Amino acid sequence: MKISEISGRISAVMIIMALSAELIYTVSGKKYDFSLNENRQLASFPEFSFSALKDGSYGKQLNEYITDHFFMREKWVSAQAYIKSGMGEKIMNGVYMDNERLLDAEISSRYISEKNINAVNRFFKNHTGMVYFTVVPTSSGVYDDILPEYLLTNPEKNQINALYNGLTDGIRKIDAYNILRMLNDNYIYYRNDTKLTSYGAYYVYRTVIQKLGFQPLSYDKYTIKHITSDFRGNLYNKCLYNGTKSDILDIYNYSVGAEVTGCTAYSNNGMTYRKTLNDESFLESGDMYRMYIGKEEPFIKIKTSVNNEKKLLLIKDSYADCFIQFLIQHYSEIAIISPENMEKPISSFINPDNYEQTLFLFGIDSMNNENLFDLINK
């Protein structure tokens, strides 16, 4: 037998042994319900039935289970991301992988839901207070010069313009795009997430708070607490690409100013509980960013020591979570509604007419969710 044939057979045996070992570890290894790095629930072992076997759903579910629990699966996914990036294939699971930052590669596939625009216009018509709307671009909208031209058939600037053009004239539209674009040499967006850093949120706050009738606090008045430098966000969760530097989560404190005197969360089931504004226990979870506001609830009411009787209704998505810390110095009460978490009408939680000002603050990527505002007018 030739040496080349022996070598080939040895290689084949080694490959078979490696695959067998992978299969054994996959079957017998410890199983987890949740992936911290991907921030998602893993597939559970499917329950067998002849009907599921017949219609093919059992095989599909079994394949999902094996894929999710394959031995060292996350390391394989991360390695695949590195290999693809090194070969010039920059996109994986809808994420554009660049060593400087990760970006959403699917921004042009989004659209602005006319249903959402109509819902906001109807909210303005039905209530007595002033209504303000701020839409925040994702990191892909501000750093789109990194993306190849073919991914930019519908850039976020156009999406934002379409949204603002659809809102009725009485709603005060507040521009965040241009100030962020002007500051894009600074650390205003996370490298591994679509959202603003606290530093970026501060500059949006400066613009927004002036439109709301206040003078913004000077940046040098704040004490900045670095909570972690190991944050990996929603873009990393999709591709597990480690070529980009991890991010920093900061909390801004104004030590000589107003304090939060009460923070109450309201659940969909009618339960209420006292909470802190920031919850650092989420630093041990798959969603560190959740630290800024804690457990997702449809309604949170914040009371402060500001003695001006001014109240704000904030209707928001997660882009506002690190923004809230800057509002505390200006209002005696801030009511926070999260439409994505609501299962009951807004009237079950508050009467918007009790608030002189309502601020909508959303990331542009939320605005193609057609069901986002279904419950704000009921």
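What follows is calculated from the coordinates using simple rules that are stated; it is not laboratory data. Just so it is clear, the model here is predicted, and its values are computed rather than measured. Heads up, the Cβs are rebuilt from the backbone with ideal geometry, glycines too, and the neighbour counts pull from every protein chain shown.
Given C-alpha coordinates of the stretch 111-368, what is the ratio Rg to Rh with the Kirkwood estimate of Rh?
Working: Rg = 17.8 Å, Rh = 19.0 Å.
My calculation of the ratio gives 0.94.
Determine, for CYS322, CYS263, the number of other Cβ atoms within 10 Å of each Cβ, and report the residues in order from fewest to most. Display every interim value, and only then the final one.
Working: CYS322 26, CYS263 20.
Ranked by crowding around the Cβ, least crowded first: CYS263, CYS322.
Please sort by residue number the trypsin sites (Lys or Arg not before Pro) in the stretch 217-274 whose DSSP state is loop and whose Cβ has at most 16 other Cβ atoms within 10 Å. Could you put the intermediate results ahead of the total?
On the way: sites: LYS221, LYS225, ARG232, LYS238, LYS245, ARG274; in loops: ARG232, LYS245.
Loop-located and lightly packed - LYS245.
Starting from the 7 Å offset along Cα-to-Cβ, what nm value, one decimal, do you get for the label separation of GLU340 and VAL260?
Taking the two extended label points, one gets 1.9 nm.
Multiplying the sequence separation of ALA162 and SER49 by 0.36 nm and subtracting their Cα-Cα distance, what value in nm do you get?
Contour length minus the Cα-Cα distance gives 35.7 nm.
If neighbour count is taken as other Cβ atoms inside 10 Å, put GLU106, GLU284 in order from fewest to most. Please list the in-between numbers first.
On the way: GLU106 15, GLU284 9.
Fewest-to-most Cβ neighbours within 10 Å comes out as GLU284, GLU106.
Sticking to Cα atoms, compute the Rg of the stretch 266-336 to one decimal and its Dmax as the biggest Cα-Cα distance, whole number, in Å.
Gyration radius and largest Cα-Cα distance of the stretch 266-336: 12.5, 39 Å.
Counting Lys +1, Arg +1, Asp -1, Glu -1, what net charge surrounds GLN357 among other residues with beta carbon under 15 Å of its beta carbon? Working shown, then result.
Values: positive: ARG172, LYS173, LYS211, LYS310, LYS311, LYS316; negative: GLU309, GLU333, ASP353, GLU356.
Its environment carries a net charge of +2.
Give me the tail of P(r) for the stretch 135-215 as a percent: Cα-Cα pairs with distance above 23 Å. Display every interim value, and only then the final one.
Working: 801 of 3240 pairs.
Pairs farther apart than 23 Å: 25 percent.
Within the stretch 254-276, list the residues whose amide N lies under 19 Å from a label point set 7 Å along Cα→Cβ of ASN307.
Output list for this probe position: 255-262.
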